[in-house]
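Just below is one structure, and these are the notes that go with it.
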2 protein chains.
Amino acid sequence: MTLVPPSAITRDHAAKRLGALATPPGALGRLGELGVWVAACQGQVPPLPLDDPQSVRLVIFAGDHGVAAHGVSAFPPAITGAMVRTFLAGKAGVTALARAHGVQVRVLDLGVDEDFEDLPDDVRATLQQHKVRRGSGAIHLEDALTREETEHALAAGAAVAREEIAAGARLLISGDMGIGNTTPAAALVAVALGLPASEVVGRGTGIDDAALMHKADVIDHAIDRAGIRISDPIETLAALSSADLAATTGYLLEAAGRGVPVLLDGLMSVACALTADRIEPGAAAWYAAGHRSTEPAQSLALSKMGLEPLLDLGLRLGEGSGAVAAVPVVRSAVALLRDVALLSDLMP
Amino acid sequence: MTLVPPSAITRDHAAKRLGALATPPGALGRLGELGVWVAACQGQVPPLPLDDPQSVRLVIFAGDHGVAAHGVSAFPPAITGAMVRTFLAGKAGVTALARAHGVQVRVLDLGVDEDFEDLPDDVRATLQQHKVRRGSGAIHLEDALTREETEHALAAGAAVAREEIAAGARLLISGDMGIGNTTPAAALVAVALGLPASEVVGRGTGIDDAALMHKADVIDHAIDRAGIRISDPIETLAALSSADLAATTGYLLEAAGRGVPVLLDGLMSVACALTADRIEPGAAAWYAAGHRSTEPAQSLALSKMGLEPLLDLGLRLGEGSGAVAAVPVVRSAVALLRDVALLSDLMP
């Protein structure tokens, strides 16, 4: 894939339009800059609206993590499958937000450690159409994925991005579900930034101090185990991530490759974005940050990519919820650049 | 008026519901607290939705300020009327945002220094139905309003709030338009906080350093001129505010008195909220802060009221725009408390 950046010419045109609006210079603050970025991504001034019910689309990548059986999470692994069922029922946090803000939701089981045999055949087939394996390896003890599984997951994520774009996506979001997933995600960030686990690790859904220290140890062990393979981002995914995180990385890469902007969510989304930018430098130019999570690794990874979150509301729900909550901010930015009068129209 | 606070009993019920949702404890961050506040204001758990196109209503209070002729603004006073026409045409920043987010907009001329004779009679009648006077006094030289005009403006604002509530408002917003209005608004904040002008004054729509020092001098002179009358909040409005700011104060007071929550905007909205809370201590319990403006006085006044803004996007457009941009955050909070499953429903 050859990655083309958002259009510099369109960015200039959009910045000129912003400066010509009937508002005091700079008065739109970050909403002005955000609108210019959306325009540059679309190659269109003013940008097309994001109000169409098909235009903003979230894919939740679900999977289990071997480390979850090793004391890194406040919740048992069985919650992963229970939450997938809650998404399908539309009763989770992210589905409530998506309904409130007109965002399409798709849930995919990439690596949940169960088969969902209780679900109707058609629902199960849709949910598992890109499944890579049941659970991923406990990264401090073994590789998360084989090289083949890693490539399969990356390709699956890319295929999902193409499907969503074909369905009308003008803005993509990745969500996550998987008990234990902040451990491999923090490992991806630690590797990308060259930091010890203790500087990136966070409390996830709410572990105590002892579990936090243990979680940092698990991450450091995993990185030691991976050895020099961490210099290669694909090998890093095989050693330290999971089916769901590798697929998310493939999805984010393909979005950038196809020129569709992404609104990033919390740690999982951002760790995969950072990994995508390692694989294809420049991918991050297609990403904006929806919200600041309470996980230190998320903020560190965003800084590395030069991204500043739109919202900072202390959310740590995961699921894609922070990005979905930030979708109206992007719509605000687009509306301003589209609908505010030009000074020249008011005072001809 | 006897001010009743938001229901403590409902707040407790709402907090219990929040704790019983199928999400990790605290994972909803400020969205959880915000939903509980909306429920307490409504006296209803879960809170009623704010999606109805009549339920969120913005009133823009427009007026001119004598100080605008004295070098405190980057723009000439004639812009006030031009912007009122832009609101009516739906081509301003705040109207673009209101359309994007389903917020009703009403524009009222409380004290613009012109008669809008070019407008159709019905439009003009609606616009001016609560007009107090043409322009308000230059506060460093004379009172902004007579005592009678002040009471008229407060009553007009209260009447407007009642009309908006009767039309279906479950959340009210105040917006502003008036070249020079950050000068009287900063004066209100300086008085309420007992601070010198130099500590509260900001650049408004973009004045330079010399104009900023001059603006601080104008405010200090105005406060000196008002003398001991600043110990009384109504006298403060007469001496230091304007027809539009006094009406905004009446509107915010009546909202609190009628138990309808308000999402505050930038400096004008917040200065009037602080003054309302001086008139009726406890009014601020009915207010939430939509966004952080770049005006120092706004942040200082919010801190005094114990309010933390939902958005911080560097906006300094005024008009109510920051609050309108924050409306979807309130809707997110309500949606989560309404639509997320209870843990007890998932695991009976």
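The values are calculated or read from the model by the stated rules, or taken from the named source; none is laboratory data. Being a predicted model, the structure only gives us computed values, none of them experimental. Reconstructed Cβ throughout: ideal geometry from the backbone, glycine too, with neighbour counts over all protein chains shown. Accessible surface is based on the protein model in full, side chains and every heavy atom, while ligands, DNA and RNA are left aside. Shrake-Rupley method; radii C 1.70, N 1.55, O 1.52, S 1.80 Å.
Observations
- A single member of B:Phe75, B:Phe116 is assigned to a loop (DSSP other than H, G, I, E, B), touching a helix residue (DSSP H, G or I) at 6+ places or on another chain (Cβ under 6 Å) and either of a type outside the set (D, E, K, R) or within 30 Å of A:Asp52 (Cα to Cα) (or both), and it is B:Phe116.
- Members of the stretch B:119-138 that are in a loop (DSSP other than H, G, I, E, B) and open to solvent by 20 Å² or more (accessible area, probe 1.4 Å): B:Leu119, B:Pro120, B:Gln128, B:Gln129, B:His130, B:Lys131, B:Val132, B:Arg133, B:Arg134
- Among the residues of the stretch A:1-34, those identified as over 28 Å from the mean Cα position of the chain (by Cα) and of a type in the set (A, V, I, L, M) are A:Leu18, A:Ala20, A:Leu21, A:Ala22, A:Ala27.
- Selection status of A:Ala273, surrounded by 24 or more Cβ atoms within 10 Å (Cβ to Cβ), in the same structural domain as A:Ala138 (by TED's automatic domain parsing), in contact with a Phe, Trp or Tyr (Cβ under 6 Å, 6 or more places away or on another chain) and part of a helix (DSSP H, G or I): yes
- The number of residues in the stretch B:305-328 being in contact (Cβ under 8 Å) with a residue 24 or more places away in the chain and buried (at least 24 other Cβ atoms within 10 Å of the Cβ) comes to 15.
- Among the candidates A:Val260, A:Val270, residue that is more than 17 Å from A:Val38 (Cβ to Cβ) and touching a helix residue (DSSP H, G or I) at 6+ places or on another chain (Cβ under 7 Å): A:Val270
- Residues satisfying the stated conditions in the stretch B:31-59, i.e. open to solvent by 60 Å² or more (accessible area, probe 1.4 Å), away from chain A (no Cβ under 14 Å) and closer than 21 Å to B:Gly282 by Cβ: B:Gln44
- The set of residues in the stretch A:13-30 that are crowded, with 16+ Cβ neighbours inside 10 Å and in contact (Cβ under 8 Å) with a residue 24 or more places away in the chain comprises A:His13, A:Ala14, A:Arg17, A:Leu18, A:Leu21, A:Ala22, A:Thr23, A:Leu28, A:Arg30.
- Qualifying positions in the stretch B:271-311 - of a type outside the set (Gly, Ala, Ser), more than 14 Å from chain A (Cβ to nearest Cβ) and touching a strand residue (DSSP E or B) at 6+ places or on another chain (Cβ under 9 Å): B:Cys272, B:Asp277, B:Trp286, B:Tyr287, B:Leu302, B:Met305, B:Leu307
- Residue match in the stretch B:92-110 (condition: of a type in the set (D, E, K, R), within 30 Å of B:Ala211 (Cβ to Cβ) and away from every other protein chain (no Cβ under 11 Å)): yes
- Just one residue in the set B:Leu252, B:Leu302, B:Leu237, B:Leu263 is part of a strand (DSSP E or B) and open to solvent by less than 10 Å² (accessible area, probe 1.4 Å); that residue is B:Leu263.
- Out of A:Thr86, A:Thr80, A:Thr10, A:Thr95, sole residue that is surrounded by fewer than 23 Cβ atoms within 10 Å (Cβ to Cβ) and of a type outside the set (A, V, I, L, M, F, W, C): A:Thr10
- Of the criteria (1) modelled with pLDDT of 95 or more; (2) in the same structural domain as B:His140 (by TED's automatic domain parsing), which one B:Gly318 fails: (1)
- Residue count for the stretch A:139-155 satisfying the condition of being open to solvent by less than 10 Å² (accessible area, probe 1.4 Å) and in a loop (DSSP other than H, G, I, E, B): 3.
- Checking each residue in the stretch B:161-194 for being over 26 Å from B:Leu50 (Cα atoms), surrounded by fewer than 24 Cβ atoms within 10 Å (Cβ to Cβ) and hydrophobic (A, V, I, L, M, F, W, C) picks out B:Ala192, B:Leu193.
- Any chance A:Ser198 is in a strand (DSSP E or B) and of a type in the set (Ser, Thr, Tyr): no
- Boolean, A:Ala158 is surrounded by 15 or more Cβ atoms within 10 Å (Cβ to Cβ), part of a helix (DSSP H, G or I) and not charged (D, E, K, R): yes
- Among the residues of the stretch A:329-346, just one is open to solvent by 40 Å² or more (accessible area, probe 1.4 Å) and over 13 Å from A:Thr23 (Cα atoms), namely A:Arg338.
- Applying the set (1) closer than 20 Å to A:Ala22 by Cβ; (2) out of contact with any Leu (no Cβ under 8 Å at 6 or more places or on another chain); (3) away from chain A (no Cβ under 14 Å); (4) aliphatic (A, V, I, L, M) to B:Ala74 leaves exactly one unmet item: (3).
- Residue-level check: of (1) in a loop (DSSP other than H, G, I, E, B); (2) open to solvent by less than 50 Å² (accessible area, probe 1.4 Å); (3) touching a residue at least 40 places away in the same chain (Cβ under 8 Å), A:Ala62 misses just (1).
- Of all residues in the stretch A:325-348, those satisfying the criterion of being more than 7 Å from chain B (Cβ to nearest Cβ) and either polar (S, T, N, Q) or not in a helix (DSSP H, G or I) (or both) are A:Leu342, A:Ser344, A:Met347, A:Pro348.
- B:Met213, sole failed condition from (1) surrounded by 16 or more Cβ atoms within 10 Å (Cβ to Cβ); (2) part of a helix (DSSP H, G or I); (3) among the hydrophobic types (A, V, I, L, M, F, W, C): (1)
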